[in-house]
Amino acid sequence: MSSRDDVLARVRRNQPAPRPLPAVPTFDTDPGSSLERFKTAVLRMGGKVADPPADGDLDNLIGRLFPDAKVICSATPELVGNRPIGEVREPADLDDVDVGVVRAVYGVAETGSLWLTEAEFRVNTLGFLAQHLVVLLDPSRIVGNLHHAYRERAQFDAGYGVFMTGPSATADIEGVLIHGAQGIRTLTVVPVAAGSK
Amino acid sequence: MKRIDHAEGSSKFIKAKDHLDFHDKRLWDLRKKRDRESEHLPEWEELRTLASAIKEHTLTHLADYLEEFERNATRNGAHVHWAKDAAEHNQIVFEIMSARNARTLVKAKSMLTDECEMRPFLANRGIEVMETDLGERIQQLDDEPPSHIVVPAVHKLKTDVARVFSENIGTDPKNSDVHYLAESQRQHTRPYFLKADAGMTGANFAVAETGTVVVCTNEGNADLSVHLPKLYIASIGIEKVIPRIEHLGVFIRMLSRSALGSPITQLTSHFRVPREGTEMHIVLVDNGRSERLGMSDFWYSLKCIRCGACMNTCPVYRRSGGLSYGATYSGPIGVIIDPTFNLRKYSSLPFASTLNGSCTAVCPVRINIHEQIYKWRQIIAERHQLPFVKQQAMKVAGKVLSNPKLYRAAVEGAGAGIEHLPRFTIYSRFNAWGKQREVPSAPQFTFRQWYVKNRGKK
């Protein structure tokens, strides 16, 4: 008998009497999916929020936020940057990126999380090897809580997807909170609709 | 196999007073943060009930859900392997790696691979394993197992970390600044991510409906371990399966709130399809779980989502440290899981509890932990796994507690004893209650004496 069949047979033999699967409500509450609630959650998780530039020039905004940045790589055509992501051959090539830019699919007001998939990153390591990450988010694309977030069912057909909430962090030594553990050191959300000027 | 002596392990931990005090405070702080989060969610108790019911449903249909998970994961392009036990798990991982000539493995934290003792197995076969979670890395470099399932090095102070890092990764031994230490690890680890042949994670959840592996982390190391190498291996205990994507909403809302008191982990990653030109392997591991599923009193422990809330709240765990349990899983959840692996070896662990029920009260999936601890004590006593001294003490206690006259005489005598016995008889090695504490002064009279005097006539 293969290990597979052996394990499954033992599980089947030992399973207790069946119990029902409950329905999961969405627990809607005020203030629901508001941008303000989302921003508060982002800040709490160590993220930052930047107002969109009045003139719509996002490259200019990145220049102001990160004056020392040498390599800027954008996965969204709304920004030019100086490292075209279409030319990246290996995931490790993004190790020298100072600032990565990407547009999130939607945000979660409860936690300040941003949903991103391989389609948004184009190269997944952009969200982890870059020192800093700037995430554009359409303010009309904020859901109230994680129940709603997980009901965006089609999103979970992505090969890879992540709820990113603030920068990478650790408190493994004496509980001291460090932002910038192994991945991005800062995460800045810019609430701006796609193609808005 | 040698029986773990939890009391002896604890006494070592208690001797280092600054460590003990910090450990106690740090974990209680996590418990308080957890309380604050749960109190902010009006539906918290309902979420616990839902989480428990979803897990119980899944476990009572586990074989079907495992097959569904396997089917979907295979359709996604992942390779699914099955391991009966730890040895088979380790062998499978080794064969996957050696067949592709992979010599280096960067890995995220996984209690399962600790349970399987995978690291030494691979190291003996020439594979370099790099733990990339900061706490787990500290423990790897110090050649110790994790002492906590969420914060593996919580029993160490920053000066301990400074020593471990200076001996192993060349940091300044005198510099114990936490920012410096964390940054040093970041700089040291990054090149390993960039050149590793393979990456590995555990799983917090495996979704049957989609074949998705869900990993909750804060440091970014799990994603770096998956997105850089050409080979990704996920080791998953069979109890981690849940039916559908929407169920994640319930569990993700509670996991980090229970563990660290934060609303969510910085990263909740969903790995489903290997990226182009790479391979994804999933090893589904039994290692005693299917047997536990058939234990009518204990199968509920399989609901555990490994948040560690029961450890943070446990007064015994906070004051004895995870290493004193001598097992992969420590604290209250360890106390009820470990004896299923080896009853004799872990027979002292169910006694490392005050049975105060706090573990049960904070458990996000409503495992009746303290009741299970009590049941393990009964089994251990029935199977004569109690140490001789405890057996004799229990016999005396049984006689005294079943006879009211004897009981009253004993209580009155104990009160008088505390007041009048010389110190050396109370604070001696024969009286465990006099260790590391002052015995409180005895009341003027017993409750019964008070009751007879004040209420007895009515």
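Here, each number is a calculation from the coordinates, and none is a lab measurement. If you're wondering where the values come from, they're calculated on a predicted model, not measured in any experiment. Note that we place each Cβ from the backbone using ideal geometry, even for glycine, and neighbour counts take in every protein chain shown.
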message: Using DSSP to call loops (not H, G, I, E or B), can you name the GluC sites (Glu not before Pro) in the stretch B:1-106 whose Cβ has at most 16 other Cβ atoms within 10 angstrom?
response: B:43
Cα centre as origin, Lys/Arg/Asp/Glu Cβ charges: the stretch B:204-328 dipole, Debye: 360
- line: Surrounding charge for residue A:179, neighbours by C-beta under 12 angstrom, Lys/Arg +1, Asp/Glu -1, total +1
message: Residue by residue through B:274-282, how many Cβ atoms from other chains fall within 10 Å of the Cβ on average?
response: 1
- request: Return the FRET efficiency for the residue pair residue A:1, residue B:29: r is the Cβ-Cβ distance, R0 is 51 Å, and the value is rounded to the nearest 0.05.
  value: 0.55
- request: Any chance you could give the angle, 0 to 90 degrees and rounded to 10, that helix B:44-60 forms with the longest Cα principal axis of chain B?
  value: 70
field: Neighbour cut-off at most 12 other Cβ (10 Å), DSSP loop, trypsin sites (Lys or Arg not before Pro), the stretch A:45-144
entry: A:70, A:89
query: Which lysines have a Cα lying under 16 Å from the Cα of residue B:17, excluding residues fewer than 8 positions away in the same chain?
result: B:25, B:156, B:158, B:435
query: In whole angstrom, and with the biggest value first, how far do the Cα coordinates of the stretch B:44-287 range along each principal axis?
result: 55, 47, 31
field: Cysteines (scope chain B) whose Cβ has no counterpart Cys Cβ under 4.7 Å
entry: B:116, B:216, B:304, B:307, B:314, B:363
- prompt: When the helix-only estimate is applied to the protein assembly as shown (DSSP H runs of n ≥ 4, each -39,500 (n - 2.57), divided by the residue count), what is the mean residue ellipticity at 222 nm, nearest 500 deg cm²/dmol?
  reply: -12500 deg cm²/dmol
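Longest span of chain B, sites excluded, free of chymotrypsin sites (Phe, Trp or Tyr not before Pro) in DSSP loop with at most 14 other C-beta atoms within 10 Å?
The segment B:1-429 is the longest one with no such site.
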field: Stretchable slack from residue B:190 to residue B:379, in nm (0.36 nm times residue separation minus alpha-carbon distance)
entry: 63.1 nm
task: Compute the length gained on full extension between residue B:5 and residue B:49: take 0.36 nm times their separation in residues and subtract their Cα-Cα distance, giving the result in nm to one decimal.
output: 12.3 nm
query: Taking the stretch B:66-173, which trypsin sites (Lys or Arg not before Pro) meet the DSSP loop condition and have no more than 16 other C-beta atoms within 10 Å?
result: B:100, B:103, B:125
- prompt: Direction-averaged shadow area of the convex hull around the Cα atoms of the stretch B:84-160, nm²?
  reply: 5.2
- line: Length gained if residue A:68 through residue A:29 is fully extended, taking 0.36 nm per residue and subtracting the Cα-Cα distance, is 9.8 nm
field: the protein assembly as shown - Kirkwood radius from inverse mean 1/r over Cα pairs (Å)
entry: 26.5
- request: Over all alpha-carbon pairs in chain B, figure out the percentage whose distance exceeds 36 Å.
  value: 34
- prompt: Going by alpha carbons, how many degrees (0 to 90, nearest 10) lie between the helix axis of B:6-15 and the longest principal axis of chain B?
  reply: 90
message: Counting only other residues whose beta carbon sits under 13 Å from that of residue B:82, what net charge do I get with K and R as +1, D and E as -1?
response: -3
message: Between helix B:331-341 and chain B, what is the angle of the helix's C-alpha long axis to the longest principal axis, kept within 0 to 90° and rounded to the nearest 10?
response: 70
- request: Quickly work out the residue B:390-to-residue A:151 label distance, labels modelled 7 Å from Cα along the C-beta direction, and quote it in nm with one decimal.
  value: 5.0
